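Input: a single structure, listed below in structure tokens.
The values are calculated or read from the model by the stated rules, or taken from the named source; none is laboratory data. All of these numbers come straight from a predicted model, not from anything done at the bench. Here the Cβ positions follow ideal geometry from the backbone for every residue, glycine too, while neighbour counts run over all protein chains shown. Just the protein is used for accessible areas: all its heavy atoms, side chains included, with ligands, DNA and RNA removed. Shrake-Rupley method; radii C 1.70, N 1.55, O 1.52, S 1.80 Å.
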Amino acid sequence: MAERVIRNVENDYLMCSICLGRYRDPRLLPCGHSFCRQCLDDHIRQTITNPAAPHFMCPNDRTQIGRPSVGVPPRKWADVFPVDTFLSSLLNAVMIHASGSQSGETGSSVCKLHKNRVKEFYCMNCKETACALCIVKNHKGTRCDCVSIDEAIDKMRPRLDSVRNTLQRQIQNARQFQRGDEGGDVRLTASKERVLSELVDLETKMTYYYRTAKQQIEDMKLTVREAGQTMVQDSAHVSVMVTNISDTIKTYDDTCDSGSGVDILQLLPKIEGQVKEYENALKTLYVQPPGVEVNFVVNKHTERIFENIPSLGSLVIQSPDKYGHQGYVFRGHHANHSARGQGQGNARMLMQSLSLDSLETARSAPSPRSTSSSSYRPESMTPRTGRSDNIQTRPKVTVSVNTVDQQNTSWQLTGIAVVQDSLIITDAHNSQVFKIDTRPNGNPPGLLAIDCPVCVALGHGVSDAMVTQPEHKKLSLIETTDELIIKDTYETVKPYEGIARLPDGKYAVSCCVVDRQCIDVIDGDASILHTIDKDDSGNLLLSWPRFLSATNIGEILVSDRDKRSLLCFTPERRVKWTFPTSASPWGVSCHPSGAVYMCLDNNEVQVLSEDGRLVERGFVGRRDGISVSYAIHAAADFIAVTEWGSNLFSPSSPRVHMFAV
């Protein structure tokens with residue numbers, strides 16, 4: 001009965017509605033709802049793009065929660081809200097009571113077979129706690145060694161101390177990886193210096209086409225310098241591991257300090273199993289075995305570069321695996337092309353770079369090893385184990401806005417569009433728009449400061465981009481030919497977030513305001529022509545229509561986050577089809593062929609047919625080196641995807657990935 005009450009209390013009162021886990025440092029809002037401090041902070045950072053915003057919405061009932069203190073920036077609001085002391089006290093009591101629970105076991109000192117007896121003994125051979133009657137009836141074997149609980153703990157003291165010391169060492173190692181503290185390697189250092197010297201010598205011979213080759217060489221230098229420094233698979237995995245080991249240590253210490261002898265003895269073998277899990281997971285982080293070196297492979301046609309500029313070469317990091325086989329970790333292809341044929345567009349140029357010798361290297365590279373994300377869970381005491389993903393990764397090219405914006409440490413890349421030969425990227429967190437060329441041409445990337453940009457689409461002309469600014473209820477038309485310049489601005493009736501250019505030159509824009517969720521079709525001056533919001537019965541069709549795209553025949557694609565579905569509307573504003581998604585959908589883009597590419601918050605990009613049927617579930621995902629895919633644009637021969645960060649509540653990544661299709 002007591003265990004059932006504890007479970008009911010936990011399920012009804014101790015679960016955060018954001019992370020769906022037990023509260024961690026619960027904070028109380030004026031509306032009466034409580035959330036984990038970190039979850040609340042992540043929600044505020046995700047939804048508040050204007051530092052001067054006076055309020056934010058409660059994640060539960062969308063009540064407007066005012067600024068908690070004058071002069072405090074949004075990134076510190078979560079710390080100002082008071083701690084929910086009632087939930088904290090209740091949580092501590094439940095965690096101590098439930099720390100030894102497992103399937104079929106009560107975790108208390110009362111024998112489950114003889115309810116009126118207390119467990120006083122422990123069988124060293126059977127590894128079971130039992131009452132005196134159980135000892136007499138079930139532990140009479142010659143191998144059974146039954147002792148009192150206190151005596152058993154004394155005998156197992158070395159094991160208890162060993163587990164505690166191992167856990168402490170593991171968390172120190174995990175934190176070392178989290179900080180990026182890695183030991184050097186003499187052979188690696190020497191090979192890096194040698195390759196850098198070769199690149200400098202090659203650079204002196206490239207005066208004939210200096211402007212076009214300079215970017216390639218700098219990219220390869222950066223790759224060499226980073227070799228051996230960022231080879232831990234994913235800092236998010238390490239962060240999760242640190243959290244899990246910390247939770248295990250806390251549970252272990254709480255049980256040893258406050259639990260009964262029965263609880264300690266029941267917990268010990270389970271913690272030991274966790275220790276082995278963590279040990280194996282830490283070993284997988286050492287993806288750089290001894291003997292790693294960097295080599296520069298010179299293109300044999302480099303000397304003959306009079307009419308066309310070929311690839312300078314490819315950088316590979318050669319590393320033997322634990323069986324002694326040589327593997328190659330692909331670190332990016334560095335290729336360029338002459339000005340001849342530039343009119344073919346950036347999509348064709350990207351495909352050329354993805355189809356050369358480096359593509360074969362990428363295809364032969366071993367799949368990355370997965371990291372265990374197991375942690376101590378009092379509910380079931382069963383660790384969550386990672387599983388290896390042997391699915392082949394997809395060749396890609398990755399660029400970073402950090403090369404343009406080096407003053408910030410976090411970015412929120414909420415929109416992307418391919419305009420001629422450039423990627424136009426909006427950063428809502430830092431209020432800026434980036435321009436990055438998809439083919440090396442010697443031109444520096446562009447940066448434009450603009451208030452609260454969210455999404456971007458093709459503009460009026462072939463070199464224009466249209467950016468939404470919902471905080472100010474306006475759209476900005478940006479010229480992208482040389483430098484980024486605001487050509488014109490248009491005041492809007494509603495705060496539009498998503499935007500897509502229709503084939504007839506009009507725009508589809510989305511509004512996510514409560515009770516005003518809709519799609520408007522507007523003309524070039526932002527005047528509303530049509531509105532899509534309700535069906536024939538007067539029911540709202542949309543809940544959170546953030547991202548939009550348009551098909552070749554003018555149909556409007558809408559990803560609705562709250563409804564977990566992708567909707568297709570005909571030019572007559574009727575629902576043509578609805579595709580339910582397994583996770584919340586984000587960016588969506590229609591390829592010129594008619595295929596629809598859609599980002600989900602489970603780290604996948606799915607492909608649908610033009611009639612709404614699933615074609616490929618995991619076109620790209622975490623296995624391809626992308627954490628959380630967010631905004632997307634499908635060009636002729638590639639798709640460009642922004643990366644949100646390690647999870648949806650941590651918008652920090654400056655990277656944009658381009659995958660060949």
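Assorted remarks:
- Put simply, of 525, 520 the only residue that is within 17 Å of residue 502 (Cα to Cα), touching a His at 6+ places or on another chain (Cβ under 8 Å) and either acidic (Asp, Glu) or open to solvent by less than 30 Å² (accessible area, probe 1.4 Å) (or both) is 520.
- Long-range neighbours under 6 Å by Cβ, at least six apart or interchain, first residue touching a residue at least 60 places away in the same chain (Cβ under 8 Å) and on the phi < 0 side of the Ramachandran plot within segment 140-161, second open to solvent by less than 80 Å² (accessible area, probe 1.4 Å) and among the hydroxyl-bearing types (Ser, Thr, Tyr): 149/122; 152/122
- Of all residues in segment 483-517 being of a type in the set (A, V, I, L, M), more than 30 Å from residue 443 (Cα to Cα) and assigned to a loop (DSSP other than H, G, I, E, B), the one that is least open to solvent (accessible area, probe 1.4 Å): 502
- Count of segment 567-587 residues which are under 11 Å from residue 602 (Cα atoms) and surrounded by fewer than 15 Cβ atoms within 10 Å (Cβ to Cβ): 2
- For the residues 220, 241, the requirement of being at pLDDT 65 or above, buried (at least 18 other Cβ atoms within 10 Å of the Cβ), within 30 Å of residue 199 (Cβ to Cβ) and of a type outside the set (D, E, K, R) singles out 220.
- Residue within segment 278-297 that is modelled with pLDDT under 80, open to solvent by 80 Å² or more (accessible area, probe 1.4 Å) and part of a loop (DSSP other than H, G, I, E, B) present: yes
- Each residue in segment 38-54 was checked for being open to solvent by 70 Å² or more (accessible area, probe 1.4 Å) and part of a helix (DSSP H, G or I), and 2 of them qualify.
- Residue 554 being within 24 Å of residue 434 (Cβ to Cβ), assigned to a loop (DSSP other than H, G, I, E, B) and open to solvent by less than 70 Å² (accessible area, probe 1.4 Å): no
- Within segment 435-474, tally of residues that are hydrophobic (A, V, I, L, M, F, W, C) and farther than 21 Å from residue 48 by Cβ: 8
- Cβ-Cβ under 9 Å pairs, at least 6 apart or on other chains, segment 247-267 side touching a residue at least 40 places away in the same chain (Cβ under 8 Å) and farther than 26 Å from residue 146 by Cβ, far side surrounded by 21 or more Cβ atoms within 10 Å (Cβ to Cβ) and of a type in the set (Ser, Thr, Tyr): 247/376; 248/278; 248/376; 249/376; 251/99; 251/376; 254/99
- Just so you know, in segment 69-87 the residues that are closer than 17 Å to residue 14 by Cα and out of contact with any strand residue (DSSP E or B) (no Cβ under 6 Å at 6 or more places or on another chain) include one that is surrounded by the fewest Cβ atoms within 10 Å (Cβ to Cβ), and it is 85.
- Unmet requirement for residue 157, which otherwise passes all of (1) more than 18 Å from residue 260 (Cβ to Cβ); (2) of a type outside the set (Gly, Ala, Ser); (3) at pLDDT 75 or above: (1)
- Qualifying residue in segment 465-482 (condition: open to solvent by 30 Å² or more (accessible area, probe 1.4 Å), basic (Lys, Arg) and assigned to a strand (DSSP E or B)): yes
- Some residue of segment 255-270 being modelled with pLDDT of 85 or more, touching a helix residue (DSSP H, G or I) at 6+ places or on another chain (Cβ under 8 Å) and within 18 Å of residue 174 (Cβ to Cβ): no
- Test result for residue 641, β-branched (Val, Ile, Thr) and in contact (Cβ under 8 Å) with a residue 40 or more places away in the chain: yes
- Look at segment 17-40: where a residue is among the hydroxyl-bearing types (Ser, Thr, Tyr) and a partner is in a loop (DSSP other than H, G, I, E, B) and open to solvent by 30 Å² or more (accessible area, probe 1.4 Å), sitting 6+ places away or on another chain with Cβ atoms under 8 Å, you get 17/33; 17/59; 17/60.
- Remark: pairs (first residue in segment 59-81, closer than 16 Å to residue 25 by Cβ; second residue charged (D, E, K, R) and in a strand (DSSP E or B); Cβ separation under 6 Å; 6+ apart in sequence or on different chains) = 81/27.
- Subset of segment 591-602 [more than 21 Å from residue 517 (Cβ to Cβ) and surrounded by 22 or more Cβ atoms within 10 Å (Cβ to Cβ)]: 596, 597
- Any chance residue 348 is outside any loop (DSSP other than H, G, I, E, B) and either among the hydroxyl-bearing types (Ser, Thr, Tyr) or at pLDDT below 80 (or both): yes
- Residues of segment 438-464 satisfying the condition of being assigned to a strand (DSSP E or B) and free of Cβ contacts under 8 Å to residues at least 40 places away in the same chain: 448, 449
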